[in-house]
Each structure stands twice: as C-alpha cells, then as structure tokens.
Amino acid sequence: MKKLRLEERGRRSRGAAPLAACALWGNDYATGVANLGHQRVWALADDAPGWSADRLYALTRPGGKPVSFARERPLSAFDLVLASVCFENDYPALLSLLDEAGLLARHGEREGPLLVVGGAAPSLNPLPLAPFFDAVCRGDAEAVLPRLLERIYENPPRTREEAWSLFGGLGLHTDALGLPGEEWWWTSPDGAYAASETIHPAGHFSETALVELGRGCPRRCRFCTVGWAEGGHRPAEPGALRDLIIAETRELRTERVGLV
C-alpha cells in the first residue's frame with residue numbers, strides 16, 4: 001500500500017479536520033484510480049469546509065484489513081462513508097467489506113459512521129443496497145453532496161433518526177423512512193466536468209489524465225445505462241474542456257489524455 005501511495009501523482013488527502021469522510025470504492029485500486037466518479041466524490045469531500053477525506057478500495061487492502069488508503073485508518077473510525085459502485089457485480093465485495101468493518105447491520109441496529117452509497121447501479125435501482133445504507137444518492141454527487149457535507153458539519157446529527165431526516169429532507173433515497181428520494185443531475189456552471197484527481201502506473205489507464213466530455217447522452221437507447229442513469233445530455237463547453245486538459249496534463253505531469 002505504501003508503494004502505491006508513493007507512486008501516485010496528483011491530489012493528496014488533506015490533513016486533520018473536525019470531520020472525516022472515506023470515499024469507498026467497491027472494487028480494486030486499479031479500477032478505482034481510473035474511475036472519475038469515485039475520484040470526484042473523494043475530492044468533493046476533501047475540499048468541503050470542516051472535512052478531510054481518505055479512500056478505501058474493497059479489493060485492495062493492506063493485510064486484508066478494512067483500513068483507509070492514505071492513513072490506514074479503520075473504516076469504523078470515520079464520520080461518513082461515501083461508497084461508489086458502478087456495477088451490480090461489485091455489491092458482494094462492498095457488503096463483505098462493511099461486514100468485516102462491523103458496519104453491516106439493520107437500520108435500527110447500525111452504529112458508527114453514516115453510510116451513503118451512489119453510482120450508476122444504485123442510480124438505476126437503489127433498492128438492493130438501500131437496506132444496508134443510511135441513504136442512496138441517485139444521480140450526480142455534485143448536485144447534493146456539498147450541501148450534505150455542509151449540513152452535517154454545521155449541525156451534526158445526534159442520532160441515526162436525525163441523520164435519516166436530514167437525508168430525506170435533501171431528497172436522498174432513505175430506506176429507513178420509506179422515502180424513495182429524487183434523481184439529481186448537475187450541469188457545470190463553468191462548462192467543465194470531472195477529471196483525474198490522481199494517476200498511477202498500476203491504474204487501468206496507467207498514467208493517463210482522464211477528462212469527461214460531458215454527462216448523459218441524447219439518444220437514450222433502451223439497452224444503455226448512460227441515457228437512463230445519467231440524466232439529460234450535458235456536453236462540456238469546448239473552451240473550458242481545453243483549459244481543463246491543459247491544467248490536468250501540467251498538474252499530473254503527463255502527456256497522455258483520455259476523453260471519457
């Protein structure tokens with residue numbers, strides 16, 4: 001794990017803060033470091049006032065222990081866990097990790113950090129994972145996560161019930177209260193979307209800076225997840241995209257760019 005950390009290029013987790021979040025990926029490090037959704041959640045949490053954020057990869061852990069990537073902190077020691085999952089095949093590894101960390105329990109019996117899950121698969125159908133999490137985010141994290149982090153920091157929930165009320169009030173799928181939630185879609189105000197926060201030679205795209213060309217798709221083919229789980233088509237603005245690519249290649253010290 002230490003070798004992986006040393007070979008990363010890009011963002012580093014901030015130091016201590018009053019509250020700590022863990023961006024949890026339901027697969028291995030190689031796929032997680034190549035996934036813009038997971039990296040985006042990590043960056044949003046780490047940039048939020050009063051918060052710091054670390055990461056954890058369900059299938060890449062030192063000694064198999066459920067501890068975070070940068071500081072090797074137990075998952076149960078965080079205030080908030082933000083799980084990202086794209087495919088249903090990753091559900092068993094995600095739930096197994098929560099079980100090993102002592103966090104897999106019924107709503108009324110759950111203790112420890114608040115658990116929120118999002119990603120393409122839960123956005124399409126939140127029901128399979130909803131019983132194991134305090135809330136499910138359907139859609140884009142940028143649309144709701146900053147407000148969620150701000151509300152928790154300003155007025156930390158004292159009980160699980162207060163947390164569920166907060167989640168439901170923000171429009172998240174909250175199984176404990178029987179609230180189906182809403183779908184949240186975000187349009188970038190500056191015309192640019194997500195890009196790699198960090199790259200690594202071991203990543204599935206190696207040392208390639210990944211940049212989003214936009215969100216959603218105008219076609220809505222019946223067989224494709226993107227048109228149904230990602231909202232309407234929101235293309236990046238060409239000038240903003242060019243500026244982001246230039247900034248990314250400089251920041252990550254690479255000449256390889258992948259357009260997502």
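Couple of notes before you dig in:
- Database remark: amide H of Trp185 closer than 5 angstrom to the amide H of Asp140 (H placed geometrically; neighbours at sequence offset of 5 or more, or on other chains; Pro and chain starts carry no H).
- Accessible-area value, Glu197, 1.4 Å probe, nucleic acids and ligands omitted, Å²: 40
- Restricting the stretch 50-150 to chymotrypsin sites (Phe, Trp or Tyr not before Pro) in coil, as DSSP defines it, with at most 14 other Cβ within 10 Å: Phe87
- Under a 5 Å amide H cut-off, with hydrogens placed 1.01 Å from N, Ala83 pairs with Leu24, Val116, Val117, Gly118 among residues at least 5 apart or on other chains.
- Among [x] 7, 31, 39, 20, 3, 0; [y] 6, 28, 37, 22, 7, 1, 0; [z] 6, 23, 30, 26, 13, 3, 0, the entry derived from the coordinates for P(r) over Cα pairs in 10 Å bins from 0, in percent: [x]
- Isolated Cys in the chain, by beta carbon distance under 4.7 Å: Cys22, Cys86, Cys137, Cys217
- Carbon/sulfur fraction of accessible area - the stretch 92-153, other protein chains in place, 1.4 Å, %: 52
- Over the stretch 105-260, relative contact order from alpha-carbon pairs under 8 Å, at least 6 apart, %: 20
- Residues with amide H under 5 Å from that of Thr198, placed H, sequence gap 5 or more: Arg11
- Using C-alpha pairs below 8 Å separated by at least 6 residues, the relative contact order for the chain is 18 percent.
- By accessible area with a 1.4 Å probe, ligands and nucleic acids excluded, highest first: order of Trp186, Trp228: Trp228, Trp186
- For the stretch 1-101: relative contact order, % (alpha-carbon pairs under 8 angstrom, 6 or more apart): 34
- At a probe radius of 1.4 angstrom, the accessible area of the chain per residue rounds to 46 square angstrom.
The values are calculated or read from the model by the stated rules, or taken from the named source; none is laboratory data. All values reported here derive from a predicted model rather than from experimental measurement. Glycine also receives a Cβ, built like all others from the backbone with ideal geometry; neighbour counts cover every protein chain displayed. When the accessible area is computed, the model is the full protein with side chains, heavy atoms only, and any ligands, DNA or RNA have been set aside. Shrake-Rupley method; radii C 1.70, N 1.55, O 1.52, S 1.80 Å.
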